[in-house]
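Take a look at the structure below.
The values are calculated or read from the model by the stated rules, or taken from the named source; none is laboratory data. What you are looking at is a predicted structure, and each value in this text was computed from that prediction instead of being measured. Cβ: placed from backbone, ideal geometry, glycine included. Neighbour counts: every protein chain shown. We work out accessible area using only protein heavy atoms, side chains counted, and drop any ligands, DNA or RNA first. Shrake-Rupley method; radii C 1.70, N 1.55, O 1.52, S 1.80 Å.
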2 protein chains.
Amino acid sequence: MVADKKVYAFIHHEFVPLTEAYLHISDLAIQRGYGIFDYFWIQRGQPLFFEDYLDRFYQSAGLMQLPVPLERRALREKALELIRLNNFPLSGMKLLLTGGYSESGYEPGTPNLVLIEQAVAYPEQENVEKGIKIITHEYQRELPAAKTINYNMGIRLIGQIKEKGAQDVLYHQNGIVTEFPRSNFFIVKQDNTIATPAREVLKGITRKNVLDLAAATYATEEGNITFEDVQQAKEAFQTSTTKRIVPIVQINDTLIGTGKPGSVTLALLQQLEALEQQYIDQTK
Amino acid sequence: MVADKKVYAFIHHEFVPLTEAYLHISDLAIQRGYGIFDYFWIQRGQPLFFEDYLDRFYQSAGLMQLPVPLERRALREKALELIRLNNFPLSGMKLLLTGGYSESGYEPGTPNLVLIEQAVAYPEQENVEKGIKIITHEYQRELPAAKTINYNMGIRLIGQIKEKGAQDVLYHQNGIVTEFPRSNFFIVKQDNTIATPAREVLKGITRKNVLDLAAATYATEEGNITFEDVQQAKEAFQTSTTKRIVPIVQINDTLIGTGKPGSVTLALLQQLEALEQQYIDQTK
């Protein structure tokens with residue numbers, strides 16, 4: 001490892017050292033919290049499931065009426081160039097699109113596109129081995145299909161999660177559970193059906209991959225999941241780009257299943273890791 | 001007037017030219033839309049109703065768990081120093097507090113405090129003379145008591161407001177109207193009672209001033225206001241720091257009262273302007 005390795009970002013149409021990547025305070029992200037983003041992992045120089053993330057990035061931008069200043073091919077090339085420049089062994093990249101410099105401080109300007117890559121570590125093995133405890137909170141994200149930068153509720157709940165000795169918070173509305181601030185939710189029913197909420201959630205790329213993998217072996221369901229469904233489940237887990245699959249063993253004061261990570265969950269995690277390797281080998 | 005007059009802002013604990021006021025992209029406003037602000041007017045060097053705005057700024061910060069890096073006395077002095085530096089005839093100042101530079105991109109860091117002052121113009125006389133048309137949209141802000149920077153819904157509705165030939169959008173939930181993205185709502189009932197929504201709204205400083213002024217002459221009510229109440233009202237208006245009082249003459253396809261700005265509304269606007277002058281004369 002080289003000490004003080006210089007990390008680059010892409011901003012204002014050029015590559016600059018990350019430490020020098022600034023936005024003027026007239027940007028609508030700063031003025032009005034207005035922007036969208038996406039985030040993917042890079043292993044051995046390959047952005048994992050890249051096209052799926054690009055799909056969602058452009059979709060979020062469209063839902064928030066933000067024109068992306070680069071066409072898909074050009075954006076893909078800039079991301080790959082940044083990956084080559086930084087040359088991390090394992091990293092995550094954020095594609096960020098803000099409302100741009102706004103003269104009125106309210107009407108969007110020309111969106112600012114920022115690419116940020118940072119070294120990451122593989123998910124904590126302890127969480128996989130022991131499973132995590134989650135709490136619940138009634139809340140519905142405003143525009144669930146878009147990956148906006150609005151995380152007000154999630155961030156305000158950080159303290160409450162810690163106080164309760166939990167690791168995450170599951171949102172629900174009218175008794176129907178939906179998603180975590182940054183991950184999707186699944187249960188394994190007693191008959192091994194793999195089920196995940198269908199409505200009012202962000203459609204995670206890992207969620208999609210897990211549904212595809214599960215469908216080879218089990219019945220899968222996208223639909224409403226109630227608190228009662230969760231309590232009666234055999235297993236539960238969360239999925240995200242950074243966490244892959246994490247077993248959930250307790251929701252509020254209730255143990256799920258045996259209170260230990262379940263075999264279906266752990267098998268799916270193995271399959272997901274294998275899918276990642278397969279993707280990298282095929283893309284190389 | 002001096003051409004190219006240099007405008008200053010306060011950021012990173014110093015006064016810098018506004019054109020050089022930047023935040024690093026690790027700031028939680030940019031990463032997660034996390035921050036609060038407040039905004040007041042300055043006439044003849046005097047910040048109008050300054051203490052009320054400072055109250056609300058610190059209250060919003062507390063609700064979002066953001067410690068303000070300056071105590072109230074120091075913040076007041078920095079604001080006054082910026083006002084002297086810029087020396088605008090008429091201006092507005094934004095106090096902005098972000099989640100700060102965040103290492104994880106999720107957990108708040110040390111909040112960044114930014115003071116931005118810009119020249120403003122008095123509200124459009126045309127809107128006062130003719131009154132405005134508004135549309136309605138079902139939506140509830142997440143943490144209505146806090147002035148957060150989250151304006152996703154308001155900004156997304158800009159296009160719809162223009163398409164319908166309207167000037168603003170009134171939020172409602174379950175048939176109860178609440179507030180505009182950036183102003184409060186009032187009706188004048190047939191018996192001249194001045195009424196404004198009480199719950200799930202930001203408590204505007206102009207709203208408070210108008211309630212106080214109205215109470216000298218009329219009955220006032222803070223409570224639930226339904227669509228039916230609006231349709232049966234004699235007059236309606238909106239209040240905000242930048243707009244003062246603007247008569248509303250049409251809501252969706254329905255005229256309000258005579259369809260012209262009402263005499264109670266216009267009298268309150270005169271009283272509000274007088275209150276501003278009185279405040280300035282007393283504070284000098």
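Look at (1) assigned by TED's automatic domain parsing to the domain that holds A:V169; (2) touching a His at 6+ places or on another chain (Cβ under 9 Å); (3) crowded, with 20+ Cβ neighbours inside 10 Å and you find that A:T136 fails only one, number (3). Every condition in (1) of a type outside the set (S, T, N, Q); (2) surrounded by 19 or more Cβ atoms within 10 Å (Cβ to Cβ); (3) modelled with pLDDT of 95 or more holds for A:R141 except the one numbered (3).
This table checks each residue for (1) open to solvent by less than 30 Å² (accessible area, probe 1.4 Å); (2) of a type in the set (G, A, S).
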{"residue": "A:S26", "(1), (2)": "yes, yes"}
{"residue": "A:I42", "(1), (2)": "yes, no"}
{"residue": "A:L54", "(1), (2)": "yes, no"}
{"residue": "A:Y58", "(1), (2)": "no, no"}
{"residue": "A:A61", "(1), (2)": "yes, yes"}
{"residue": "A:P69", "(1), (2)": "no, no"}
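Restricting the search to strands (runs of 3 or more DSSP E) fully inside the stretch B:1-70 and requiring at least 1 residues that are under 30 Å from B:V210 (Cβ atoms) gives B:35-43. Sub-8 Å Cβ pairs linking a first residue in the stretch A:45-59 that is aliphatic (A, V, I, L, M) to a second residue that is assigned to a helix (DSSP H, G or I), at least 6 apart or interchain, are A:L48/A:E276; A:L48/A:Y279; A:L48/A:I280; A:L54/A:R72; A:L54/A:L75; A:L54/A:R76, ordered by first then second residue.
If only residues of the stretch B:1-57 that are among the polar types (S, T, N, Q) and farther than 24 Å from B:A121 by Cα are counted, the one that is nearest to the other protein chains (Cβ to nearest Cβ) is B:Q31. Condition first: within 12 Å of chain B (Cβ to nearest Cβ), out of contact with any helix residue (DSSP H, G or I) (no Cβ under 8 Å at 6 or more places or on another chain) and without any contact (Cβ under 8 Å) to a residue 40 or more places away in the chain. Can you find one or more residues in the stretch A:139-150 that meet it? No; the residues of the stretch A:139-150 include none that is within 12 Å of chain B (Cβ to nearest Cβ), out of contact with any helix residue (DSSP H, G or I) (no Cβ under 8 Å at 6 or more places or on another chain) and without any contact (Cβ under 8 Å) to a residue 40 or more places away in the chain.
Out of A:K243, A:K260, one residue alone is under 29 Å from A:L90 (Cα atoms) and assigned by TED's automatic domain parsing to the domain that holds A:Y171. It is A:K243. Considering (1) away from every other protein chain (no Cβ under 14 Å); (2) touching a helix residue (DSSP H, G or I) at 6+ places or on another chain (Cβ under 9 Å); (3) open to solvent by less than 50 Å² (accessible area, probe 1.4 Å), the lone condition that A:F88 does not fulfil carries the number (2).
The criterion of at least 3 residues that are over 27 Å from B:Y39 (Cβ atoms) and open to solvent by 20 Å² or more (accessible area, probe 1.4 Å) is met by none of the strands (runs of 3 or more DSSP E) wholly inside the stretch B:180-284. Within the stretch A:114-130, the presence of a residue that is surrounded by 19 or more Cβ atoms within 10 Å (Cβ to Cβ), more than 10 Å from chain B (Cβ to nearest Cβ) and either part of a loop (DSSP other than H, G, I, E, B) or in contact with a His (Cβ under 9 Å, 6 or more places away or on another chain) (or both) is excluded.
There is no residue in the stretch A:168-179 that is among the small types (G, A, S), free of Cβ contacts under 8 Å to residues at least 40 places away in the same chain and open to solvent by 10 Å² or more (accessible area, probe 1.4 Å).
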